[in-house]
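*Asks:* Take a look at the following structure, please.
No lab work stands behind these numbers, since they all come straight from the coordinates. Just so you know, these numbers come straight off a predicted model, no measurement behind them. Backbone-built Cβ (ideal geometry, glycine too); neighbour counts: all protein chains shown.
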Amino acid sequence: MNKADIKKQYKDNIMSALEPYKIVGWNKIKELVSFEKLCEKLKFSKEVEEILWDAYYDHPLFPSSQIKVGGSPVSCQSIEYDNMDLLQLTDSEFLNFSWGDSGVAHISTDLELEWDCC
């Protein structure tokens, strides 16, 4: 974080019900850019978009909807979060916290938080 962001921090001494989780490793995985970004960059017609839609979502490099740093943000309600690409959070076995029923939270590099719930 830069100095301006550090000054904007809010520190609270409230104890969390969540246990600390030590990260001991991670997997680095390549992902496709969002379908919207791909279509915009390559200027596909609507006909081509419809043809490619299924192939994109079935592709092995389709963006993950799990917890991740960076990558292509995934929405469970088809909302574009392309600028929210710092951190993505979802409920998991080690983060027993839901964003709505089964939603996805996104944090931007400007430390903004947005989420959608399914």
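*Asks:* Taking segment 1-57 as the region of interest, how many residues are β-branched (Val, Ile, Thr) and within 20 Å of the chain's Cα centre (by Cα)?
*Replies:* 3
*Asks:* Report, by residue number, each residue of segment 33-50 that is part of a helix (DSSP H, G or I) and surrounded by 15 or more Cβ atoms within 10 Å (Cβ to Cβ).
*Replies:* Step one: list which residues in segment 33-50 are part of a helix (DSSP H, G or I), which gives 35-42, 46-50.
Passing the criteria: 35, 38, 39, 49.
*Asks:* Would you be able to say whether some residue in segment 61-80 is touching a Cys at 6+ places or on another chain (Cβ under 8 Å), exposed (fewer than 13 other Cβ atoms within 10 Å of the Cβ) and in a loop (DSSP other than H, G, I, E, B)?
*Replies:* Yes; the residues of segment 61-80 include at least one that is touching a Cys at 6+ places or on another chain (Cβ under 8 Å), exposed (fewer than 13 other Cβ atoms within 10 Å of the Cβ) and in a loop (DSSP other than H, G, I, E, B).
*Asks:* So the check is Cβ under 8 Å with 6+ separation or different chains; which pairs have a first residue in segment 94-108 that's within 12 Å of residue 81 (Cβ to Cβ) and a second one that's among the charged types (D, E, K, R) and assigned to a loop (DSSP other than H, G, I, E, B)?
*Replies:* 106/85; 108/85
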